[in-house]
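Notes for the one structure printed next.
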Amino acid sequence: MYRVETMEDIRDMSRGAVLLGTGGGGDPYIGELFVRAQIRKGRYPTIIGCDEIADDAFVVSIAGVGAPSVIVEHLVSENTLHRLLARAESFYGRRIDALISAEIGGANSMFPLALSSISGLPVLDADGIGRAVPQIEMTAFSIFGVRATPALVMDDSGNIVTFDAVSDRMAEDLIRVVTGAMGAMAFGAFYPMTGKQARETAIQNTLTQTLEIGRTIRQARLSGTDIFADLLAYFAGWEGRAARVLFDGKIVDVRHETRDGWHWGEAVIAALDDPEDQCTVEIRNEFLVARRNGRTLAIVPDLITIMDRETGEPLTGEMLSYGQRVKVLGLSADPALRKPESMEVLAPRLFGLDEDFVPLEGLMAAATP
């Protein structure tokens with residue numbers, strides 16, 4: 001068990017969540033502010049491992065739904081979180097024993113911590129995907145047998161809609177329409193599961209990873225060491241995972257659009273020493289693919305993140321703007337996301353990309369002279 005008691009820890013976790021969130025999941029700063037305010041009041045989020053809960057414990061995922069560009073405009077309301085918890089327990093007909101993040105990205109890593117700080121419920125050191133994704137059915141929960149519904153969504157005005165869909169793909173379509181009617185921003189309770197199911201389906205230790213990633217970046221800044229070298233050394237300790245700086249340059253063109261409840265966009269990054277050498281990153285809530293002069297460098301479900309080249313600060317998609325000097329980092333996905341059954345849900349073509357998945361390691365090898 002770990003209790004988040006310092007402003008430094010929550011800031012580190014927020015920073016790490018943006019990196020793992022691959023540009024999506026919403027800006028965690030609003031959630032971070034809420035948790036920091038609770039810490040000042042002596043209310044601390046508690047994180048526990050999945051092995052610390054009983055097989056029959058009742059676990060629910062609390063998440064924000066909508067376009068990240070809209071989520072950043074909303075403060076987190078203590079009243080809304082209390083109402084959401086009360087309505088979820090009434091809806092499911094039993095007390096919730098623990099919370100879990102649907103995805104580790106951005107704001108959606110902060111919302112369960114925020115609710116933990118005011119309710120006393122623990123948050124599991126795990127999440128549904130080990131990154132952020134644009135659709136509800138694109139999670140290890142769904143892939144390995146935990147249904148997203150029965151579920152409910154609620155907006156700040158108190159409007160509540162419940163769902164019981166025939167499939168998680170249908171749940172995505174229904175919830176997306178309702179969220180659009182709510183202004184492209186709502187909170188929800190999803191993926192009711194047992195403690196045993198959380199152990200068997202969730203991507204483990206991801207909250208700890210956010211803390212360690214953020215801490216690595218912060219300590220490198222303070223010591224004056226190379227932030228990216230330190231990060232790559234940290235990721236080298238992740239068994240079965242590869243990491244690499246894919247590109248270094250300046251954003252010379254960027255497009256943002258909120259459409260169909262998603263943030264769509266594209267960023268074009270030119271090398272500092274050769275403006276004709278360019279990396280293009282496509283966005284649908286998250287960074288889906290990075291290509292250098294037309295050649296793919298990394299592609300979903302592997303992780304792509306964009307970071308300020310001087311401070312190492314990870315950036316969400318909506319933070320990108322013309323003139324920023326950045327580095328593009330690639331990180332291979334958790335091995336569970338590369339299984340054949342995962343590819344049926346997470347293959348690039350299911351994100352609208354016209355190419356097949358090639359692991360980061362293979363793309364790295366192909367790029368080596």
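Structural remarks
- Subset of the stretch 147-163 that is without any contact (Cβ under 8 Å) to a residue 60 or more places away in the chain, under 23 Å from residue 24 (Cα atoms) and of a type in the set (A, V, I, L, M, F, W, C) - its residue that is surrounded by the most Cβ atoms within 10 Å (Cβ to Cβ): 151
- Taken as a whole, the structure leaves residue 233 outside the set of residues that are crowded, with 16+ Cβ neighbours inside 10 Å and among the small types (Gly, Ala, Ser).
- Wholly within the stretch 234-341, strands (runs of 3 or more DSSP E) carrying at least 1 residues that are without any contact (Cβ under 8 Å) to a residue 24 or more places away in the chain: 243-259, 262-271, 274-284, 286-292, 303-308
- Residue in the stretch 258-265 that is over 23 Å from residue 335 (Cα atoms), modelled with pLDDT under 95 and hydrophobic (A, V, I, L, M, F, W, C) present: yes
- Lone qualifier among 60, 35, 18 - being in a strand (DSSP E or B), on the phi < 0 side of the Ramachandran plot and touching a helix residue (DSSP H, G or I) at 6+ places or on another chain (Cβ under 9 Å): 60
- Strands (runs of 3 or more DSSP E) wholly inside the stretch 113-221 containing at least 3 residues that are more than 25 Å from residue 332 (Cα to Cα) and outside the structural domain of residue 345 (by TED's automatic domain parsing): 151-154, 160-163, 185-194
The values are calculated or read from the model by the stated rules, or taken from the named source; none is laboratory data. Bear in mind the structure is a predicted one, so any value in this text is a computation, not a measurement. Cβ: placed from backbone, ideal geometry, glycine included. Neighbour counts: every protein chain shown.
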